[in-house]
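**Student:** Dropping the structure in here first, questions after.
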2 protein chains.
Amino acid sequence: MAGKAVAAAVMVNGSVAEKEVLAEIGGATNPMVTPLLTDLYQFTMAYAYWKAGKHQDRAVFDLYFRKNPFGGEYAVFAGLEECIRFVANFKLEEEEISFLRSIMPMCEDGFFDYLREVDCSNVEVYAVPEGSVVFPKVPLMRVEGPVSIVQLLETPFVNLVNYASLVTTNAARHRLVAGKSKTLLEFGLRRAQGPDGGMSASKYCYIGGFDATSNVAAGKLFGIPLRGTHSHAFVSSFMSPDEILDRALLSHDGSSTCKDFVRLVQSWLSKLQVMKSGIPNFCAVALALNDLGYKARGIRLDSGDLAYLSFEARNIFHAIEKEFNVAGFGKMTVTASNDLNEETLDALNKQGHEVDAFGIGTNLVTCYAQPALGCVFKLVEINNQPRIKLSEDVTKVSIPCKKRIFRLYGREGYALVDIMTGENEPPPTVGERILCRHPFSESKRAYVVPQHVEELLKCYWLGNSSKRREELPSLEKIRARCMQQLEQMRPDHMRRLNPTPYKVSVSGKLYDFIHFLWLSEAPVGELQ
Amino acid sequence: MAGKAVAAAVMVNGSVAEKEVLAEIGGATNPMVTPLLTDLYQFTMAYAYWKAGKHQDRAVFDLYFRKNPFGGEYAVFAGLEECIRFVANFKLEEEEISFLRSIMPMCEDGFFDYLREVDCSNVEVYAVPEGSVVFPKVPLMRVEGPVSIVQLLETPFVNLVNYASLVTTNAARHRLVAGKSKTLLEFGLRRAQGPDGGMSASKYCYIGGFDATSNVAAGKLFGIPLRGTHSHAFVSSFMSPDEILDRALLSHDGSSTCKDFVRLVQSWLSKLQVMKSGIPNFCAVALALNDLGYKARGIRLDSGDLAYLSFEARNIFHAIEKEFNVAGFGKMTVTASNDLNEETLDALNKQGHEVDAFGIGTNLVTCYAQPALGCVFKLVEINNQPRIKLSEDVTKVSIPCKKRIFRLYGREGYALVDIMTGENEPPPTVGERILCRHPFSESKRAYVVPQHVEELLKCYWLGNSSKRREELPSLEKIRARCMQQLEQMRPDHMRRLNPTPYKVSVSGKLYDFIHFLWLSEAPVGELQ
């Protein structure tokens, strides 16, 4: 495949199995991700830029979202690695150019010659680290480069970030409500938007705090731990225990063989028949396994009153531990599934339950509660001229200028506010008071004295420059960042009910400039 | 800017509308679709079947959904071609087997030797033709084969059918409300679940009745017509017309060259300045193009009151046609976008509007109104023994037995009822009265005299048998079937508000057998 023009930074994808998969940037995870994976208008606009002689104009675009999803006050940024792989591989194949020529027959030959040479060697990508907690209006990515090329990146970048960030946020919300001690299993492959939707879901739910997936291909590709139970069909495919032909089972330590394990199970079952419950079958198998030194894993509750049934099951397990003196039997894992979502987890918590692990599919991967995050990609500067998008709807007004973003932390270690400044303003300094202004509302302003300052946008792609850029962290590290970021937020921003909005601000200088631009309704001058 | 008509002189229609993409079984469209794209439990159950010596047991599974989506009374079946490609390519690679061995270290070597030989040469797949209108409880697919292999197919089949059918249905609903005369454009790539989600969305929205997509990669892969407008960034990237360097434009017939097209536009603009509207810029360009023999395509309205603005625009176009004697100017295409969905299309219709084409993204591809279709895959027979899944919730009770499905049509050509029968029952006959019973409700029954009988399940995969199987139709043919099927339904089943439920029934014999099984709560005997 073409497009490995730019040298090989090393991507490390660490798995729980401690297996390390080394891959050059350039080994795209999805071969369907080509430069044609974009909206047609990006190519027709590229032609118009080219015709106008503007295609090399240096443009700066911000990728951001306008509103937090799921009625919450935060989101988690994800999808960056796939974007960087995309720019690293960005090169049109000859047959792709032929296709473009066939659908754009009115374009001059010179345009296709130009497309043949196009790559991302003059593009720069700055981004918030993947797995960060993020907020509306603050750029998740800032993309700079020739205007026609950066516009070609718009659709794939938004495609790669939108669902990734949405489902990571959804997973993180499930993690927060379930609590740290519970095991969360992603079971959503069959409800995702096709195969790659399923792969993305598994990857990003893991980043958002899930422990494992049922998706074997995702386990293989990303090193995510795999887990599963069994289906109803498995049970109903057996007419009777007579169908089990090989009945011998070697004991766990290999010292002896039970010649008829089925009979051993049946003898246990007869001892449990006094119990009024649906789970003696499981317990009989678990006890027979225990006789041979094996440890059963647990049960799955897939319908009915999960809270009640989990208590029932736990009581039975404890009773068996006591009655038959089987140490640890009471701690048998209870997994619950059946259309679970944030609300049901919350309700279970309020009611009390004995569930150890939750298997979540549909609501998680389809983001049922809100299936789209409205990421946008807006021009904020061209040829050093700031650009603003105005709208009667103030939430749709864009924040102009090439900007830097800082997160200011307070004494307790919590994040206090994000502040956007012009590119050349002096950055906020620890211990020094700085004015943070609401970008649009004159009256909303506060002075903050940060105890710690974190610059959010880092450079992940510098074209063919030799300057240092950030390495792409492994999936495990992205996940760890997400978990750590969730903890660095004040709990009232993160709670499900009536969370406090986190403040997003601009510097005094940027505020003044926005409003100067806004009033003039035409871009004039430059910030700083 | 609210109310601003975005000038869209560069709408491009793909030239590939008539191109038929012939599906060759064996060429998978998505290389990520491997046998590992399944839930772990399918492999652990396969091991258990193998250990029990049951893995070759002949099983029959039905794939169906339980409830129509979007509050409607129908769905459209899609995803079949991808399922057939999947079975045709079903073979585990050596490195995939190594991976399975690493995650299932407790399994005996013989199991992996077995997996190495596994393919779908003993599997049979029967399905309703892709693009058919379908209803709850009626199998969309019937899959027969060795139980362990068919279970491995469960997750990928449900994954491939679920979203495909859901988004096709969503697209069909948009088509029905928009009406046949309108152009529907799918603009959803950036809101889909990653790249492949976007590809699936484009493909299946086209099947469901959309005319074109903005997704260039989908245009190339599937031959779907491509369309687009331009973005706000394109407008705001220009500081002034002075930035346009190449100002010459050859006339359409090649007979002369306009040396300064920009000046020509500006001279037109000065004549239009009297008009109070946001679209004189577009009209000036369109009129200047007209001077040189070109025809502008139209405008896109992307915000504000679309009904009102479309009338305004139309009035201006008509006024210009009259004032400057430009034939056809009044028929300029008005495209509308901005978070459209079924409801907004319906509201626009009620209000009246002058929109010719709708660009729909987020609500269409995310299936915002209902982002999941609950397809299930249930065991209905094993070793010729019928199986039923019972549940306190009657909608979750499965219909046992290997079945045939017939759609009965009435005198007016509309479909009257779907009827499921046992495999060996005599099929319904034209002109002969047949009893159709509700599968679970004793009192619901009707006699029907069909004027036409269509057997719905056809054979699409017969393993390595040489018997004839259905060919996979081209995308165009699938789309045509969908359009034709939507017309063969009585309109009251298809309307948005309070649609009449379509009847799904079983034969008297199958009814009796279901209830015999249900009462015995254990499978006994066989139907016929």
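**Student:** Do we find a residue being in the same structural domain as A:Val143 (by TED's automatic domain parsing) and within 28 Å of the chain's Cα centre (by Cα) anywhere in segment A:440-451?
**Tutor:** no
**Student:** Scan segment A:87-97 for residues that are in contact with a helix residue (DSSP H, G or I) (Cβ under 8 Å, 6 or more places away or on another chain) and more than 9 Å from every other protein chain (Cβ to nearest Cβ) and report the count.
**Tutor:** 5
**Student:** I need a count of the residues in segment A:203-220 that are open to solvent by 20 Å² or more (accessible area, probe 1.4 Å) and at the interface with chain B (Cβ under 7 Å from one of its Cβ atoms).
**Tutor:** Here the count works out to 1.
**Student:** If you go through segment B:98-124, how many residues are open to solvent by less than 10 Å² (accessible area, probe 1.4 Å), within 11 Å of chain A (Cβ to nearest Cβ) and more than 12 Å from B:Leu152 (Cβ to Cβ)?
**Tutor:** Residues in segment B:98-124 being open to solvent by less than 10 Å² (accessible area, probe 1.4 Å), within 11 Å of chain A (Cβ to nearest Cβ) and more than 12 Å from B:Leu152 (Cβ to Cβ): 1 in total.
**Student:** Checking the structure you have, find out if any residue of segment A:221-239 is under 33 Å from the mean Cα position of the chain (by Cα), of a type in the set (Ser, Thr, Tyr) and facing another protein chain (nearest Cβ under 10 Å).
**Tutor:** Looking through segment A:221-239, at least one residue is under 33 Å from the mean Cα position of the chain (by Cα), of a type in the set (Ser, Thr, Tyr) and facing another protein chain (nearest Cβ under 10 Å).
**Student:** Next question. Hey, among A:Val274, A:Val216, which residue is free of Cβ contacts under 8 Å to residues at least 24 places away in the same chain, within 20 Å of the chain's Cα centre (by Cα) and not assigned by TED's automatic domain parsing to the domain that holds A:Gln484?
**Tutor:** Being free of Cβ contacts under 8 Å to residues at least 24 places away in the same chain, within 20 Å of the chain's Cα centre (by Cα) and not assigned by TED's automatic domain parsing to the domain that holds A:Gln484 holds for just one of A:Val274, A:Val216, which is A:Val216.
**Student:** Would you confirm whether or not segment B:478-487 contains a residue that is open to solvent by 30 Å² or more (accessible area, probe 1.4 Å) and at pLDDT below 95?
**Tutor:** Checked segment B:478-487: at least one residue is open to solvent by 30 Å² or more (accessible area, probe 1.4 Å) and at pLDDT below 95.
**Student:** Residues that are more than 10 Å from chain B (Cβ to nearest Cβ), buried (at least 22 other Cβ atoms within 10 Å of the Cβ) and at pLDDT 95 or above: which strands (runs of 3 or more DSSP E) entirely in segment A:1-78 hold 3 or more of them?
**Tutor:** Once the strands (runs of 3 or more DSSP E) in segment A:1-78 are filtered for at least 3 residues that are more than 10 Å from chain B (Cβ to nearest Cβ), buried (at least 22 other Cβ atoms within 10 Å of the Cβ) and at pLDDT 95 or above, what remains is A:58-64.
**Student:** Filter segment A:451-469 down to residues that are in contact (Cβ under 8 Å) with a residue 12 or more places away in the chain and more than 12 Å from A:Glu124 (Cβ to Cβ) and give me whichever is surrounded by the most Cβ atoms within 10 Å (Cβ to Cβ).
**Tutor:** Residue satisfying both the conditions and the ranking: A:Leu456.
**Student:** Here is a further query. For a quick check of your reading of the model, give me the residue pairs whose first member lies in segment A:139-161 and is more than 12 Å from chain B (Cβ to nearest Cβ) and touching a residue at least 60 places away in the same chain (Cβ under 8 Å), whose second is in a helix (DSSP H, G or I) and not aliphatic (A, V, I, L, M), with beta-carbon atoms closer than 8 Å and at least 6 apart or on different chains.
**Tutor:** A:Leu140/A:Ser165; A:Met141/A:Cys83; A:Met141/A:Phe157
**Student:** Something else about it: Which ones in segment A:339-363 are part of a helix (DSSP H, G or I) and aliphatic (A, V, I, L, M)?
**Tutor:** Once the filter is applied, which keeps residues that are part of a helix (DSSP H, G or I) and aliphatic (A, V, I, L, M), segment A:339-363 yields A:Leu345, A:Ala347, A:Leu348.
**Student:** So, in segment A:162-202, exactly how many residues are within 14 Å of chain B (Cβ to nearest Cβ), hydrophobic (A, V, I, L, M, F, W, C) and more than 27 Å from A:Ser231 (Cβ to Cβ)?
**Tutor:** Adding up the residues that qualify gives 2.
**Student:** Open to solvent by 20 Å² or more (accessible area, probe 1.4 Å) and either in a helix (DSSP H, G or I) or touching a Phe, Trp or Tyr at 6+ places or on another chain (Cβ under 6 Å) (or both): is that true of B:Arg247 in this structure?
**Tutor:** Considered against the rule, which asks whether it is open to solvent by 20 Å² or more (accessible area, probe 1.4 Å) and either in a helix (DSSP H, G or I) or touching a Phe, Trp or Tyr at 6+ places or on another chain (Cβ under 6 Å) (or both), B:Arg247 comes out as yes.
**Student:** Does B:Leu289 fit the bill of being among the aliphatic types (A, V, I, L, M), open to solvent by less than 30 Å² (accessible area, probe 1.4 Å) and over 29 Å from A:Arg58 (Cβ atoms)?
**Tutor:** yes
One line per residue, one yes/no per condition, for (1) touching an Asp or Glu at 6+ places or on another chain (Cβ under 9 Å); (2) without any contact (Cβ under 8 Å) to a residue 12 or more places away in the chain:
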site: A:Ala248; (1), (2): yes, no
site: A:His252; (1), (2): no, no
site: A:Ser255; (1), (2): no, yes
site: A:Val265; (1), (2): no, no
site: A:Ser270; (1), (2): no, yes
site: A:Ala296; (1), (2): no, no
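Residues are listed down the side, and each one gets a yes or a no for (1) on the phi > 0 side of the Ramachandran plot; (2) modelled with pLDDT under 95; (3) of a type in the set (A, V, I, L, M):
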residue: B:Leu153; (1), (2), (3): no, no, yes
residue: B:Leu185; (1), (2), (3): no, no, yes
residue: B:Ser236; (1), (2), (3): no, yes, no
residue: B:Cys258; (1), (2), (3): no, no, no
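**Student:** Any residue at all in segment A:277-292 that is within 14 Å of another protein chain (Cβ to nearest Cβ) and over 42 Å from the mean Cα position of the chain (by Cα)?
**Tutor:** Among the residues of segment A:277-292, at least one is within 14 Å of another protein chain (Cβ to nearest Cβ) and over 42 Å from the mean Cα position of the chain (by Cα), which makes the answer yes.
**Student:** Go through segment A:222-244 and report how many residues are surrounded by fewer than 19 Cβ atoms within 10 Å (Cβ to Cβ) and closer than 30 Å to A:Arg479 by Cα.
**Tutor:** The total comes to 2.
**Student:** Right, next: What are the residues in segment B:339-351 that are more than 11 Å from every other protein chain (Cβ to nearest Cβ) and open to solvent by 20 Å² or more (accessible area, probe 1.4 Å), if any?
**Tutor:** B:Asn341, B:Glu343, B:Thr344, B:Asp346, B:Ala347, B:Asn349, B:Lys350, B:Gln351
**Student:** Scan segment A:175-209 residue by residue and report those that are in contact (Cβ under 8 Å) with a residue 40 or more places away in the chain, within 21 Å of A:Tyr74 (Cβ to Cβ) and either among the basic types (Lys, Arg) or not in a helix (DSSP H, G or I) (or both).
**Tutor:** A:Arg175, A:Gly179, A:Lys182, A:Leu184, A:Glu186, A:Lys203, A:Gly208, A:Gly209
The values are calculated or read from the model by the stated rules, or taken from the named source; none is laboratory data. Model, not experiment: these values are computed from the prediction. Neighbour counts are summed over all protein chains in view; Cβ atoms, including those assigned to glycine, are modelled from backbone coordinates with ideal geometry. The area values use the complete protein model at the heavy-atom level, side chains included, leaving out ligands, DNA and RNA. Shrake-Rupley method; radii C 1.70, N 1.55, O 1.52, S 1.80 Å.
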